[in-house]
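Engineer: After the structure tokens below, expect a handful of questions from me.
The values are calculated or read from the model by the stated rules, or taken from the named source; none is laboratory data. Being a predicted model, the structure only gives us computed values, none of them experimental. Virtual Cβ from ideal backbone geometry, glycine too; neighbours counted across all protein chains shown. Each accessible area value is taken on the protein alone, full model and side chains, heavy atoms only, with ligands, DNA and RNA left out. Shrake-Rupley method; radii C 1.70, N 1.55, O 1.52, S 1.80 Å.
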Amino acid sequence: MKHIVHFRYTLLAAAVVLLLPLLLSSGTLATEVLVFALAALGCNLLLGYTGLMSFGQGIFFGVGSYATGVVLLQLKLGLLPSLALAALGGAAVALLVGWFSIRQRGTYFVMLTLAFAQMFYFLAYTMKDVTGGDNGLLDIPRPPLSVFGLTLLPTGTSWQYYTVVAILFVLVFWMLQRVVDSVLGKTLLAVRDNEARASALGYDVRLLKLAAFVISGAVTGLAGGLHAMMTGVAPLSNIEYHTSESILVMTVIGGTGNLFASLLGAAFYVLAGNWLSTLWPRWLMLLGLLLIAVSLYMQKGLFGLAVKLVKLLRPAKSGAQESIAKEKHS
Amino acid sequence: MNIYLLQIANGVGIGMLYFLLAVGLSIVFGLLRFVNFSHGAFFLLGAYLCFQVVDMGIGFWWSLLIAPLAVGLFAWVVERFVLRHVYALPHHFHILFTVGLALVLQEAVISAWGPLGNNVSPPDMLQGVVMAGGFVYPKYRLFVIGLTAVMALVLWWVLEGTRLGSIVRAGSESTEMVSLLGLNINRIFSLVFALGAATAGLAGALAAPIRGADPFMGVEALGIAFVVVVVGGLGSFWGALIGGLLVGIVQSVMSTVWSEGAHLMIYVAMAAVMLLRPNGLLGRPGAA
């Protein structure tokens, strides 16, 4: 039982992954939920666990998209090597952006990440030979999941591709949950809560922040790679400010400081956006209002709301809730 | 040689506009200690109000009065009734709130004026160029330099020479102290926020005849305003001026050397300054 408690969020995430095909009729939509959930996980590791609000997540998402596109189009590698390079590309660029940005704290840091997002947008726009400029990279193929030439899973239809993405998602979720539960994760929390104290205790705060950045960049790059394969294009818009903003908004609406919350946030954003945009093309205005409401009244996001509801429905019963409540405070 | 001289002169014109765009952001940060992510949206609103006023035949000159006043009034209402409740929260909720506000404004602009860009023509007397020897310069840009220089002087006088200015400067050191002196700090917050928004609105109106009005200019403006204050130093009036001019000149000169990379070079210049002076050229350490 104790074992299951330890894995509860990973199991919860796996349950959502299994539920999505039952609730949604479109495999692409379900895949999109998981892809952006991955990106939101990366953002949450920075915001929720390290206290770094990054407007630069779109950089890593875009770099992942382009890396996958280039690798699949030019080198014609398989699915796994392409994604590995997308994650590696995201991590490398995150190392660079992080190295510059973490020299600053607080609002200065936030402004810098946005400035870097703009920088990489214009860089991608300028490097037409690599990125295709305004047009992006087109006709990106989607190879099957194979190891040493042995095909394990096909990716021809959108639901087949969903299966591959779902497996990767649960795997990454589990690994990230391990990271945040580890000593590194706890130290990141210490940096978030009191940077001066963490530094006084002898932790290399810069190195820790950089580590969080690199992991976040790798996960977000992977998400970008999966997105490029999902749509068959790596457009310039993947590296735009708007992407950074969307990823951050998903993370915040879901709730920070809990990885499962990011899945909730991404699912809400993608599904609500999909549904509302057919009703009203200006639905982003509602999102803006929601963001205002979250910052005024609902700072723990949807996950915080859910925890509150659970506590209301089952007042002080088992240890599991206590630990959820504890996590809310941490 | 002449072409570079012209581009530097051009850069001064753009740079003064960037100064006007960024100075409000910087002053608001200095007093309220928070970065306004809807600043770009105020710029956007200013540009569209200019377009609307010109389109209705009221005239460009009126737009220079109406756009900043309307944007300032809107910001005053937002600060007075909603934003005030956000100050006590951790700083990333300030940012989220203003990001939400920027989204709402951008979508409102698209709802009202459509997703496509619009052109605004400068008034007749500012069309054409001024010639001095072999030197050719657009009249409208000369006017922008003149007006923004006047605005810079006015702002500097307000901050350094008036009672409001001394309260604002004192408030940016210690808001508690200012309240203890019996001044209503909340009213000053509203006023400064409105002033910051109005300068962005004016910058937007002035920019409209140069680059038109399109719904996504707010994001671009926000990015540039951030670069200007990062380069100059957050909260510093002269930093905003120097940063604005530097960014304007870099962009303008680069557009001759490598036109596609002109925007990119702005951000490269920012990274270079960051390496040499992490707090900006005139910033104090720990200001953020």
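Engineer: So in the range B:227-263, with the set limited to residues that are of a type outside the set (Val, Ile, Thr), open to solvent by less than 40 Å² (accessible area, probe 1.4 Å) and free of Cβ contacts under 8 Å to residues at least 60 places away in the same chain, which one is nearest to the other protein chains (Cβ to nearest Cβ)?
Structural biologist: Ranking the qualifying residues of the range B:227-263, first place goes to B:261.
Engineer: Within the range B:185-197, which residues are open to solvent by 20 Å² or more (accessible area, probe 1.4 Å) and touching a helix residue (DSSP H, G or I) at 6+ places or on another chain (Cβ under 8 Å)?
Structural biologist: B:185, B:186, B:189, B:191, B:195, listed by residue number.
Engineer: Could you tell me whether the range A:153-164 includes any residue that is crowded, with 24+ Cβ neighbours inside 10 Å and either more than 14 Å from chain B (Cβ to nearest Cβ) or in a helix (DSSP H, G or I) (or both)?
Structural biologist: Checked the range A:153-164: at least one residue is crowded, with 24+ Cβ neighbours inside 10 Å and either more than 14 Å from chain B (Cβ to nearest Cβ) or in a helix (DSSP H, G or I) (or both).
Engineer: While we're here: With of a type in the set (D, E, K, R) and within 12 Å of chain A (Cβ to nearest Cβ) as the only criterion, which of B:187, B:277 stands out?
Structural biologist: On inspection, the qualifying residue turns out to be B:277.
Engineer: Anything in the range A:94-115 that is closer than 19 Å to residue B:265 by Cβ and open to solvent by 10 Å² or more (accessible area, probe 1.4 Å)? List them, or say none.
Structural biologist: Within the range A:94-115, A:96, A:100 qualify.
Engineer: Further, regarding this structure: Go through (1) at the interface with chain B (Cβ under 10 Å from one of its Cβ atoms); (2) at pLDDT 95 or above and name the single condition residue A:101 misses.
Structural biologist: Every condition holds for residue A:101 apart from (2).
Engineer: Among the residues of the range B:86-100, write down those that are open to solvent by less than 60 Å² (accessible area, probe 1.4 Å) and assigned to a helix (DSSP H, G or I).
Structural biologist: B:86, B:92, B:93, B:94, B:95, B:96, B:97, B:98, B:99, B:100
Engineer: Is there a residue in the range B:145-157 that is over 14 Å from the mean Cα position of the chain (by Cα), open to solvent by 70 Å² or more (accessible area, probe 1.4 Å) and in contact (Cβ under 8 Å) with a residue 40 or more places away in the chain?
Structural biologist: yes
Engineer: Identify, by number, the condition in (1) facing another protein chain (nearest Cβ under 7 Å); (2) in contact (Cβ under 8 Å) with a residue 12 or more places away in the chain; (3) of a type outside the set (S, T, N, Q) that residue B:112 doesn't meet.
Structural biologist: (1)
For every residue, the table says whether it meets (1) within 14 Å of chain A (Cβ to nearest Cβ); (2) surrounded by fewer than 20 Cβ atoms within 10 Å (Cβ to Cβ); (3) at pLDDT below 90.
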position	(1), (2), (3)
B:59	no, yes, yes
B:64	no, yes, no
B:69	no, yes, no
B:79	yes, no, no
B:84	yes, yes, yes
B:102	yes, no, no
B:106	yes, no, no
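Engineer: May I pose another question? Please determine, by comparing only the residues of the range A:104-152 that are free of Cβ contacts under 8 Å to residues at least 12 places away in the same chain and outside any helix (DSSP H, G or I), which one is nearest to the other protein chains (Cβ to nearest Cβ).
Structural biologist: Out of the qualifying residues, it is A:104.
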